[in-house]
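Below is one structure, written out as structure tokens, with a few remarks after it.
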Amino acid sequence: MNKKGILIIGAGGVSRVATVKCAMNIDTFEKITLASRTLSKCEAIAKDIKKNQKVDIDVAKVDADNVPELSELIKKINPKVVLNVALPYQDLTIMDACTSCGVDYVDTANYEHPDVAKFEYKEQWAKQEQFKKAGVKALLGSGFDPGVTGVFCAYAQQNLFDEINYIDIMDCNAGDHGYAFATNFNPEINLREVSSNGRYWEDGKWIETKPLEIKIDHDYPEIGIKPSYLLYHEELESLCKNIKGLKRIRFFMTFGDSYIQHMNCLQNVGMLGIEEIEHKGQKIIPMEFLATLLPDPASLGPRTVGKTNIGCIIEGFKDGIKKKVYIYNTCDHQECYKEVGAQAVSYTTGVPAMIGTKMLYKGIWDGTGVFNIEEFDAKPFMDELMIQGLPWKILDLPVE
Ligand code: NDP
């Protein structure tokens, strides 16, 4: 029987946006099923979509850590593509279920082991042969960063430069949610990322820094100057392989003073620990307990004001002349909330997740195996960004 429709897994903040956007593109996707661990979360999203977009979404309950259970659901639905917007812990099991059912796979974050605060592509790249053998493809990292940042770099490589030497990925969230401390996406994943050592790639080597050790003040268009901290971010691992001529690639993210003070304090008292401890006869993981206490990122939508600005400063040569550009998108939290009922961090991830899925669904991006986003033709994705709510601009910067 011909495969038809998409299966979206996970029903959090990013999923809400991706599912709404897929519903707005129902002409492409034909049929949408939303499945997660908690059925009521899927039902709530489906209900809002029925009311606002007048599109019916099927819902299902699934534990995506369980490959047989997931495979059974995929076989029953028989979709063309599975979009994973659950957590990075589920990447490998969902990939396995996809190859066992012969279905394409898309995600927005690379695999993380629940017990080790370390993320890398190794285990997902190792599934290259598995995907080829099954005759299907995996598109890794189709959010904003990773995701659109990789597409911006690919677009620059394919259309603007003969050779790229330096890339700085700049991620600014100047939104204010009014809480002393909250994270804009899954708290556990966010805090593990920020409290880890920083790392960047230069002259073929990785250089490690202490958490938040390197800070620069950067002037973001439409926002202004913000302190920005060097972090390790997963797209560095694939971009340093896929962008030719690269000498250095780094990633910076803005944080307010209150966020950093809270995070340092939580770290100092052990609340960011990911190892089990005993509390009054119960086993708990401090980080999981903290995530329970913090506001649900999906609830920040109505109260977050301000903008995000994320982009890539790219420097290299065109026709023998030095050239430097900033390719970026600016997004307004309240406008996102009005459109899809979510703040801009979920929006900037959910929209590209839908676009990446669309590229595969329509066969615009083809092939078999495991791919990072910058390995494909960037132009059709860039065109979609313009019409799906994430318009981009290119700014020429002075070269030294
Ligand atoms: P949330 O925590 O809001 O949502 C995660 C969802 O996954 C929840 O609905 C949860 O279900 C579901 N889930 C968790 N475990 C399972 C499981 N075993 N089986 C089925 N469903 C499960 O996260 P976000 O929406 O904030 O983030 C989603 C993804 O997007 C994450 O991987 C995150 O890293 C990524 N991301 C990527 C970005 C990018 O730019 N590339 C930026 C921001 C996020 P339940 O609620 O029932 O527990």
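The values are calculated or read from the model by the stated rules, or taken from the named source; none is laboratory data. Values in this document were obtained by computation on a predicted structure and should not be read as measured data. Please note: Cβ atoms are built from the backbone with ideal geometry, for glycine as well, and neighbour counts cover all protein chains shown. The area values use the complete protein model at the heavy-atom level, side chains included, leaving out ligands, DNA and RNA. Shrake-Rupley method; radii C 1.70, N 1.55, O 1.52, S 1.80 Å.
Kindly establish whether Glu30 is more than 23 Å from the chain's Cα centre (by Cα) and within 14 Å of the ligand (Cβ to nearest atom).
It is false that Glu30 is more than 23 Å from the chain's Cα centre (by Cα) and within 14 Å of the ligand (Cβ to nearest atom).
Could you go through region 38-58 and let me know if any residue there is within 13 Å of the ligand (Cβ to nearest atom), under 19 Å from the mean Cα position of the chain (by Cα) and modelled with pLDDT of 95 or more.
Scanning region 38-58, I find no residue that is within 13 Å of the ligand (Cβ to nearest atom), under 19 Å from the mean Cα position of the chain (by Cα) and modelled with pLDDT of 95 or more, so the answer is no.
Is it the case, given these coordinates, that Gly175 is under 25 Å from Gly367 (Cβ atoms) and in contact with a strand residue (DSSP E or B) (Cβ under 8 Å, 6 or more places away or on another chain)?
Details: under 25 Å from Gly367 (Cβ atoms): no; in contact with a strand residue (DSSP E or B) (Cβ under 8 Å, 6 or more places away or on another chain): yes.
No; evaluated as a whole, the condition is false for this residue.
Which numbered condition trips up Lys61, out of (1) near the ligand (Cβ under 10 Å from one of its atoms); (2) of a type in the set (D, E, K, R); (3) more than 26 Å from Asp27 (Cα to Cα)?
Unmet for Lys61, out of (1) near the ligand (Cβ under 10 Å from one of its atoms); (2) of a type in the set (D, E, K, R); (3) more than 26 Å from Asp27 (Cα to Cα): (3).
Let me spell it out: the conditions are (1) within 16 Å of the ligand (Cβ to nearest atom); (2) open to solvent by less than 40 Å² (accessible area, probe 1.4 Å); (3) not small (Gly, Ala, Ser), and Phe185 meets all of them except one. Which number is the exception?
In the conditions (1) within 16 Å of the ligand (Cβ to nearest atom); (2) open to solvent by less than 40 Å² (accessible area, probe 1.4 Å); (3) not small (Gly, Ala, Ser), Phe185 misses (2) alone.
Would region 135-149 turn up any residue that is under 15 Å from Ile249 (Cα atoms), away from the ligand (no atom under 14 Å from the Cβ) and more than 21 Å from the chain's Cα centre (by Cα)? I'd like the intermediate steps shown before the answer.
Of all residues in region 135-149, those under 15 Å from Ile249 (Cα atoms) come to 145-146, 149.
Of the ones still in play, those that are also away from the ligand (no atom under 14 Å from the Cβ) are none.
For region 135-149, residues under 15 Å from Ile249 (Cα atoms), away from the ligand (no atom under 14 Å from the Cβ) and more than 21 Å from the chain's Cα centre (by Cα): absent.
Of all residues being in a loop (DSSP other than H, G, I, E, B) and free of Cβ contacts under 8 Å to residues at least 40 places away in the same chain in region 212-259, which is least open to solvent (accessible area, probe 1.4 Å)? Just the residue, please. I'd like the intermediate steps shown before the answer.
Here is the first cut: in region 212-259, the ones in a loop (DSSP other than H, G, I, E, B) are 212-214, 221-223, 231-234, 243-247, 255-256.
Filter again for free of Cβ contacts under 8 Å to residues at least 40 places away in the same chain, leaving 213-214, 231-232, 256.
On the way: Glu213: 112, Ile214: 54, Leu231: 3, Tyr232: 18, Gly256: 44 Å².
Within region 212-259, the match that is least open to solvent (accessible area, probe 1.4 Å) is Leu231.
Between Gly224, Gly270, which is of a type outside the set (Asp, Glu), over 22 Å from the mean Cα position of the chain (by Cα), at pLDDT 95 or above and over 28 Å from Ile373 (Cα atoms)?
Working: Gly270 fails: at pLDDT 95 or above.
Testing whether each residue is of a type outside the set (Asp, Glu), over 22 Å from the mean Cα position of the chain (by Cα), at pLDDT 95 or above and over 28 Å from Ile373 (Cα atoms) leaves just Gly224.
Does region 1-24 hold any residues that are within 20 Å of the chain's Cα centre (by Cα), outside any helix (DSSP H, G or I) and of a type outside the set (A, V, I, L, M), and which are they?
Answer for region 1-24, where residues must be within 20 Å of the chain's Cα centre (by Cα), outside any helix (DSSP H, G or I) and of a type outside the set (A, V, I, L, M): Gly10, Gly12.
Going by what's in this entry, would Pro68 be described as surrounded by fewer than 19 Cβ atoms within 10 Å (Cβ to Cβ) and at pLDDT below 95? Talk me through it step by step, then tell me what you get.
On the way: surrounded by fewer than 19 Cβ atoms within 10 Å (Cβ to Cβ): yes; at pLDDT below 95: no.
No, not satisfied.
Give me the residue from region 1-24 that is surrounded by 19 or more Cβ atoms within 10 Å (Cβ to Cβ) and not hydrophobic (A, V, I, L, M, F, W, C) and, out of that set, farthest from the ligand (Cβ to nearest atom).
Ranking the qualifying residues of region 1-24, first place goes to Lys21.
Taking the conditions exactly as written (among the basic types (Lys, Arg) and either open to solvent by 40 Å² or more (accessible area, probe 1.4 Å) or more than 26 Å from Gly12 (Cβ to Cβ) (or both)), does Lys318 satisfy them or not? Step through it out loud before you land on a result.
Numbers: among the basic types (Lys, Arg): yes; either open to solvent by 40 Å² or more (accessible area, probe 1.4 Å) or more than 26 Å from Gly12 (Cβ to Cβ) (or both): yes.
Answer is yes for this residue.
Restricting to region 25-65, give me the number of residues that are part of a loop (DSSP other than H, G, I, E, B), over 22 Å from Phe185 (Cα atoms) and open to solvent by 60 Å² or more (accessible area, probe 1.4 Å).
Count: 4.
Working only within region 67-95, note down all residues that are within 12 Å of the ligand (Cβ to nearest atom) and touching a Ser or Thr at 6+ places or on another chain (Cβ under 6 Å).
Scanning region 67-95 gives Val67, Leu83, Val85.
Scan region 102-123 and give yes if some residue there is within 15 Å of the ligand (Cβ to nearest atom), polar (S, T, N, Q), touching a residue at least 24 places away in the same chain (Cβ under 8 Å) and closer than 15 Å to Ser238 by Cβ, otherwise no.
yes
From the residues in region 381-400 that are within 22 Å of Gly143 (Cα to Cα) and acidic (Asp, Glu), which one is least open to solvent (accessible area, probe 1.4 Å)? It would help to see each step written out before you state the result.
Step one: list which residues in region 381-400 are within 22 Å of Gly143 (Cα to Cα), which gives 381-394.
Now restrict to residues that are acidic (Asp, Glu): 383-384.
Details: Asp383: 70, Glu384: 29 Å².
Ranking the candidates gives Glu384 first.
Quick check on region 321-338. Is at least one of its residues surrounded by 23 or more Cβ atoms within 10 Å (Cβ to Cβ), touching a Lys or Arg at 6+ places or on another chain (Cβ under 6 Å) and of a type outside the set (Ser, Thr, Tyr)?
no
Confirm whether Ile49 is of a type outside the set (Gly, Ala, Ser) and touching a residue at least 60 places away in the same chain (Cβ under 8 Å). First the steps, then the outcome.
Values: of a type outside the set (Gly, Ala, Ser): yes; touching a residue at least 60 places away in the same chain (Cβ under 8 Å): no.
Here the answer is no, as Ile49 does not meet what is asked.
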